[in-house]
Amino acid sequence: MVRPENLNDALKTLSRGGMTICAGGTDVMVYPPENARLLMVDRLPELKLIEDLGDAVRIGAAVTFTEGIESPIVPELMKAALRRIAAPAIRNMGTFGGNIGNGSAKADSVLIDFVLDAKLELASIRGTRTPDIDKFYLGRKKLDLAPDELIAAIFLPKPKGSWYYEKVGGREALAISRLSFAGVIDVRDGVITSLSAAFGAVADTVLRFKELEAMLTGKSLDEARAMKPDFIAAYDRAIVPIRGRVSETWRKEVCLNLLRDFLSQNGI
Amino acid sequence: MIEFVLNGEKVSWEGPDTERLLDVLREDFRLTGVKCGCKEGECGACSVIFDGELANSCLIPMAKADGAEIMTIEGLRELDCFRVLDRAFAEPAAVQCGFCTPGMVLAAYSLLKKNPHPDENEIRDGLSGNLCRCTGYRAIVEAVKLAAKEGGKW
C-alpha cells in the first residue's frame, strides 16, 4: 500500500507501475484483485477540492458523492443524479473520479458529465491533458487513459437554461440504472440557443448525438414543435441499444419517451 | 503495518491491501456486531462509521483503513446517545431476527447526527442502504422518529 501525501508523489509512484488506484473502494472491492497493491488517492489534497470557475466547476476526482451533494457550487443537475446513486453509505465513499474510471455507461454522474460537455484533467509525470469526456470513453470499459495517468479532476460546465433528469432503476435505492436520461435546453426569446440530450445504460458508452441536437438549435419553439416527430424519428434510428438485462425494445421505447417528455416539459 | 483508531483505541494490523475491513473486524478483532450479508454494498449489514460517515465495511480495503477512525456498533454502545436509540428501537419492536439491527442503528445514528429532525422521506433515504427482511421497515422508521423526538447528543 502506498498513501502519497501529494499529487506529485502519487504520479511518481504510479509511473513505476504495479499499482491499482483506489479512492472510495466501492468498485475495486466488489471483486478485489488478489495481491493487488493499492495506491490510495482518497485523501490527496489536490483531488479533494471543488472550485467555482465562473462558467464551470472543477471537481477533484476524490471528492465523494456526498461532498458533491453538500457543496453549494455543484450544479443542481449533477446533484439530482448524485442523490439517486445507491444509498448514503456508498455515496459517502464513492467518488467522481472513480465513477468515471470504472468505465461503465451506467455510471450516474458520468451521464451528467456527458450532457454538460465536461472535460477531464488527466495527470501524469509527463504532464497534464484535458480531453473531452466523450473522446475519453472509447468503448465498453475502454478508456483513453495511459497506465501512468491519473484522473485528477472534472471540469463541469454549469448548465444554461433548464434541465431534465430521469433515472429508471429496479427500485428507489441501491439500483443500477436500467436507463437514465438527462437533457439541457436553453431558450432565449422563444428561440432554442442550445440543446443537449444524453442517454445512459443504453449502449457501451453514454450516448449523445450532437448532429441531431443541431436540428433544433436556432429554431423557434413553434418550428421545433413542428419538427418534433422527425426529431424523435431521427433518434429512433440513431439509438442502437445493446443487449442486457432488459430488452433492446424496452430500452429504445423508454429513451424516446423520456426525450419526448423532456421536450414537452419545455414547450415543444 | 496499517494503523487506525477502532472504537476509540489505537490499533494496528498487518495483511493484504485488499483484505475487507468487514472480515478484519469480525475475524481479527472479534467485533461480531458487524454482520456479513452480501459483500457488495447492497445490504448494509456490515455498516460502520468511517471517519464520521456511514460506510459499508465490506467495500473498504484495509489500505483505506490506514489512518482512519472507525466505530462499530460495539463502540456506539458506549456513547450516551446509544441509550436513546436502544429504547427507540425496542418500543415499536423494530428488531425481529436482529441481523440487520447493528447496521440499522448505525445508519439511524449517522442520519440523526447530520439531521436531528428528519421527515419520513429523509428517514427512508437515510436507511435506504440497509435491508431488513423481517419488519417491513415501518417499525424501524417509527423507531428513528421516536429517537429524533426524544433527541440525543448525536
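The values are calculated or read from the model by the stated rules, or taken from the named source; none is laboratory data. Since the model is a prediction, treat every value here as computed from it, not as a measurement. As a convention, Cβ positions derive from the backbone with ideal geometry for all residues, glycine included, and neighbour counts pool all protein chains shown. Side chains included, ligands, DNA and RNA excluded: accessible areas come from the protein's heavy atoms. Shrake-Rupley method; radii C 1.70, N 1.55, O 1.52, S 1.80 Å.
Points worth noting:
Conditions (1) basic (Lys, Arg); (2) surrounded by 15 or more Cβ atoms within 10 Å (Cβ to Cβ); (3) without any contact (Cβ under 8 Å) to a residue 12 or more places away in the chain, marked per residue:
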| position | (1), (2), (3) |
| --- | --- |
| A:Glu166 | no, yes, no |
| A:Ala173 | no, yes, no |
| A:Phe231 | no, yes, no |
| A:Arg243 | yes, no, yes |
| A:Ser247 | no, no, yes |
| A:Lys252 | yes, yes, no |
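- Positions within the range B:12-54 being surrounded by 21 or more Cβ atoms within 10 Å (Cβ to Cβ) and hydroxyl-bearing (Ser, Thr, Tyr), in sequence order: B:Thr18, B:Ser47
- Single match in A:Ala182, A:Ala201, A:Ala173, A:Ala197 (criterion: farther than 19 Å from A:Gln265 by Cα and touching a Leu at 6+ places or on another chain (Cβ under 8 Å)): A:Ala201
- Check on A:Val115, over 18 Å from A:Ala173 (Cα atoms), within 14 Å of chain B (Cβ to nearest Cβ) and out of contact with any Asp or Glu (no Cβ under 8 Å at 6 or more places or on another chain): no
- Among the residues making up the range B:7-57, those that are part of a loop (DSSP other than H, G, I, E, B) and among the acidic types (Asp, Glu) are B:Glu14, B:Asp17, B:Glu19, B:Glu40, B:Glu42, B:Asp51.
- Yes/no for A:Ala214 being hydrophobic (A, V, I, L, M, F, W, C), crowded, with 22+ Cβ neighbours inside 10 Å and not in a strand (DSSP E or B): no
- Flag if A:Phe96 is outside the structural domain of A:Ser180 (by TED's automatic domain parsing), surrounded by 24 or more Cβ atoms within 10 Å (Cβ to Cβ) and closer than 23 Å to A:Lys135 by Cβ: yes
- In the set (1) of a type in the set (S, T, N, Q); (2) part of a loop (DSSP other than H, G, I, E, B); (3) out of contact with any Phe, Trp or Tyr (no Cβ under 7 Å at 6 or more places or on another chain), A:Thr205 fails one condition alone, (3).
- Flag for A:Ile133 being open to solvent by less than 10 Å² (accessible area, probe 1.4 Å), touching a Leu at 6+ places or on another chain (Cβ under 7 Å) and either outside the structural domain of A:Ala61 (by TED's automatic domain parsing) or more than 27 Å from B:Ile60 (Cα to Cα) (or both): yes
- Of all residues in the range A:143-164, those being open to solvent by 40 Å² or more (accessible area, probe 1.4 Å) and among the aromatic types (Phe, Trp, Tyr) number 2.
- Residues of the range A:20-48 that turn out to be open to solvent by 30 Å² or more (accessible area, probe 1.4 Å), over 20 Å from B:Gly41 (Cβ atoms) and either out of contact with any strand residue (DSSP E or B) (no Cβ under 9 Å at 6 or more places or on another chain) or more than 7 Å from chain B (Cβ to nearest Cβ) (or both), as a count: 5
- Within the range A:55-65, the presence of at least one residue that is within 14 Å of chain B (Cβ to nearest Cβ), open to solvent by 10 Å² or more (accessible area, probe 1.4 Å) and not in a helix (DSSP H, G or I) is confirmed.
- Counting only helices (runs of 4 or more DSSP H) that fall entirely inside the range B:59-154 and contain at least 2 residues that are within 14 Å of chain A (Cβ to nearest Cβ) and open to solvent by 60 Å² or more (accessible area, probe 1.4 Å), the qualifying elements are B:101-114, B:120-126.
- Count of the range A:67-82 residues which are part of a helix (DSSP H, G or I) and either in contact with a Leu (Cβ under 8 Å, 6 or more places away or on another chain) or within 19 Å of A:Phe262 (Cβ to Cβ) (or both): 8
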